Amino acid sequence: MLETLNQYSLNKKIDNLIILYNQKDFSEVIKKTKILIQKHPESVQLFTIMGITLLRLKEYGKALIYFREAVKINPKNSNSYFNLGLTYYNLMDLKKAIIYYKRSLKINNKNFDALFNLAITYKENKNNKQAINYYQKALKINYDHVFVHFNLGNIYSEQLDFLPAIKHYKSAIRIEPNFPDTYYNLAATFERIKDFSNSLKYYKLSFQQNSQEIKSLTKIRLLSKKMRKSDEAIRYFKNLLNKTPNSKDIIYNLASTFKSNGELVKAKFYFNKLLKIDDKNIKSYLLLGEVLCDTHSLNQGLKLFKKAIALDEKDHTSHS
């Protein structure tokens, strides 16, 4: 009865430590855990909490001490080996990280975190074959894990194996439709196989998910030009501009599209509009200078080139 009460009391204290950890009160977690370890030196949970807290504080050497102690207390605890693997990974000792992740899996071959992290570590170690192998094993446990699909998509795309890359990116989007990087990477994959229609579609979706995704706007402009759909791009940028009228990136891409489309008066208007918002935009001075030169305003164009050069020199001076 007394033993049960003691265990109940310890469990309550561990619950309190977890609350403190979640509140990011790490110094208090360390202080209280040290006291509890003296009273309960056989508690794997206490050594684990201490190790995880030190890991969070990037005190990796100290974290290893507590995780190793947890393994000594219970050598059959899969998570303790996982924690050692994670610590070695953070120390960039990938060889040892792999060893401990595998020991974790030897005890519990369905430890998803160990499979997932082992795949990441193999990828970091430039072993794509093994990374794919462990990601596939992770999918058998949890098929709807967005980052397994996303990471597999990246590996297959990197290997120029585009069909499985597309399949995994689409699975990632199905699971988590609000992650812009997946749309962007899927768009880039379609672009590489010259499926420009789908590429354009997913670049637009990428920007829709994250309006700070400037590279998507650039891709939309360049792809539209390649597909001879600049008019469509102009309509798209104008619609975006109606929603965010002072977006420098949208104005820049709209002006650049007008310029490449030969509509120099409109290009001039939007480059001037941009420079009213941001009078230190070197690219805009250069492109507007080109527009002015092309419309026989040579002196004005040269003035803008000089302004761009002066800004560039000033920028280099401030960074030196």
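The values are calculated or read from the model by the stated rules, or taken from the named source; none is laboratory data. Computed from a predicted model, the values in this text were never measured in an experiment. Ideal geometry is used to build each Cβ from the backbone, glycine not excepted, and the neighbour counts take in all protein chains shown.
Results for (1) part of a helix (DSSP H, G or I); (2) closer than 25 Å to Tyr156 by Cβ, shown as yes or no for each residue.
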{"site": "Lys194", "(1), (2)": "no, yes"}
{"site": "Ser197", "(1), (2)": "yes, yes"}
{"site": "Ser206", "(1), (2)": "yes, yes"}
{"site": "Ser211", "(1), (2)": "no, no"}
Identity of the residue in the range 164-193, closer than 18 Å to Leu217 by Cβ, modelled with pLDDT of 95 or more and of a type outside the set (D, E, K, R), that ends up surrounded by the most Cβ atoms within 10 Å (Cβ to Cβ)
Thr182
Matching residues in the range 82-124 - criterion: being polar (S, T, N, Q) and more than 19 Å from the chain's Cα centre (by Cα)
Asn83, Thr87, Ser104, Asn108, Asn109, Asn111
Specify which of the listed residues (Lys276, Lys307) is closer than 21 Å to Ile234 by Cβ and either surrounded by fewer than 15 Cβ atoms within 10 Å (Cβ to Cβ) or among the charged types (D, E, K, R) (or both).
Lys276
Quick test of your reading of the structure: Asp161 fulfils all but one of (1) without any contact (Cβ under 8 Å) to a residue 24 or more places away in the chain; (2) surrounded by 15 or more Cβ atoms within 10 Å (Cβ to Cβ). Name the failing condition by number.
(2)
I want to confirm something. Restricting to the range 161-187 and keeping residues that are in contact with a Lys or Arg (Cβ under 8 Å, 6 or more places away or on another chain) and not aromatic (Phe, Trp, Tyr), which single residue is nearest to Glu124 (Cα to Cα)?
Leu186
